[in-house]
Every structure is written in C-alpha cells, then in structure tokens.
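To start, the structure itself, in structure tokens.
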Amino acid sequence: MNSYYDKIRSFLAPIIHFLFRSRAKGTENIPQNGAVIIAPNHFSFIDPFLVAAHMSRRLTFLAKAELFKTPFIGNIMKKIGAIPINRDGKDSAALRAAIKALREENVIVIFPQGKRYRGKKPEKSQLKYGIGFLANITKAPVIPTGIYTRGFRSILFRKSFVSFGKPVFAEISEGIEGIKETNEEVSERILAQIMDEIESAQSSAVLSE
C-alpha cells in the first residue's frame with residue numbers, strides 16, 4: 001500500500017486535467033488486476049503525470065537516477081515507490097526491482113525511448129531493449145501508450161490526449177523448440193504499436209477540437 005502515492009495523485013490529477021485539457025481513450029484495455037507494463041512515448045516532462053491522471057491503479061515509475069539525487073524531487077520519488085534507473089547502460093539493479101514489482105502484481109511505467117525526445121516521434125534508433133527483457137521474463141501484458149499534445153512548444157492549456165492500446169505479449173512460437181522472441185523483437189513490436197497509438201491520440205485530439 002502506498003497512501004502517499006494516492007494523495008499525490010488525488011491532488012495532481014484535477015490540476016493536470018485543467019492545465020492540459022487532458023483526455024484519454026482505451027482505458028478499458030488496462031487490466032484491473034495483475035502485473036502490467038505501461039509503455040508510453042516520451043517527449044515532455046508532463047508525460048508521467050498525464051498517464052497517472054487517467055489510471056486508477058497505483059503506478060511504479062522507472063525514472064532516471066538523477067532525479068533521486070535532488071533534495072525535494074528525490075524525496076517524492078522515493079516515497080511514491082519509483083525505481084531509479086541509470087540510462088547510460090544496462091542497469092541490472094533497476095531491472096531486478098522492476099521484475100520484483102511485476103511479480104508482486106504491480107503496474108510499472110517504463111518509457112522505451114529511455115529519455116525525452118521533444119517534438120519527435122519514436123524511432124528505432126532511440127529504443128532501449130529493457131522493456132522487451134521485462135516482457136519476456138515476466139510475461140506481463142504491455143500496454144502501448146501514445147501521448148499527443150497539441151502545440152508541444154508551449155504545452156500549458158494545450159489539449160493533451162492519451163491513447164492506451166490493446167495488450168501486447170511476448171510470444172513463444174509453436175513447435176518442438178518453442179523459440180521465443182528476442183528482447184529486441186519484442187521491443188520493436190511494442191514500439192510499432194506505440195506509433196499507432198500516437199496516431200490515434202493525435203486524431204482524437206484533432207477531432208475533439
């Protein structure tokens with residue numbers, strides 16, 4: 001139980017909805033129990049807040065380790081149960097912590113791009129393969145998530161839309177050997193689905209104007 005997370009979310013969610021006119025679709029695709037991996041694109045500091053504002057379940061974020069070193073933000077990150085991750089290379093400790101969280105049937109949020117790419121849609125060259133590793137190891141469903149904000153250069157009071165896609169699973173092919181997808185293959189398939197959800201979010205934002 002993390003009552004601190006609940007308090008933070010209850011306080012921030014209405015503010016997020018007001019400031020960013022945030023809307024969402026596909027929330028019915030998110031399992032209401034069991035382990036889940038949320039995989040959004042990442043081009044703004046507000047992305048984690050947009051995701052959390054539209055989800056009733058508690059989220060465990062994988063966040064850059066630098067955030068945990070700042071006095072105020074670092075304290076909040078620790079209290080909400082976020083997992084620090086070193087973006088410069090493979091972080092075994094962070095992956096172990098994420099696996100533990102998933103095996104305890106929690107929801108984790110991991111940005112497959114690893115960092116913000118403002119104004120850019122995800123590309124294969126930006127992809128980190130940790131998400132494929134987690135999907136392969138835990139067999140948890142991955143929810144590809146597209147975030148779109150109109151006028152991202154000045155995002156305050158701009159309409160934001162979050163599109164949650166249908167679950168993606170790491171697959172094992174049928175046959176005697178039962179060959180499973182590589183981490184890279186799973187990650188690339190998830191990225192392709194994220195691209196579809198970004199297009200869906202963008203279309204919904206435009207149509208709702």
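No lab work stands behind these numbers, since they all come straight from the coordinates. Just so it is clear, the model here is predicted, and its values are computed rather than measured. All Cβ positions, glycine included, derive from the backbone under ideal geometry; neighbour counts span all protein chains shown.
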What ranking do 198, 15, 143, 131 get, fewest neighbouring Cβ atoms within 10 angstrom at the top?
15, 198, 131, 143
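Pairs to check: 139/166; 128/166; 25/100; 79/159; 100/128; 139/159. Give those whose C-alpha atoms are more than 27 Å from each other in this structure.
Numbers: 139/166 15 Å; 128/166 21 Å; 25/100 29 Å; 79/159 30 Å; 100/128 20 Å; 139/159 34 Å.
Violating the 27 Å limit, Cα to Cα: 25/100; 79/159; 139/159.
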Please identify every one of the chymotrypsin sites (Phe, Trp or Tyr not before Pro) in region 1-75 that sits in a loop by DSSP and has no more than 15 other beta carbons within 10 Å of its own beta carbon.
45
Sorted by Cβ density within 10 Å, fewest first, the residues 148, 129
129, 148
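What is the order of 145, 138, 182, 70, fewest Cβ neighbours within 10 Å to most?
On the way: 145 29, 138 19, 182 14, 70 11.
Fewest-to-most ranking of 145, 138, 182, 70: 70, 182, 138, 145.
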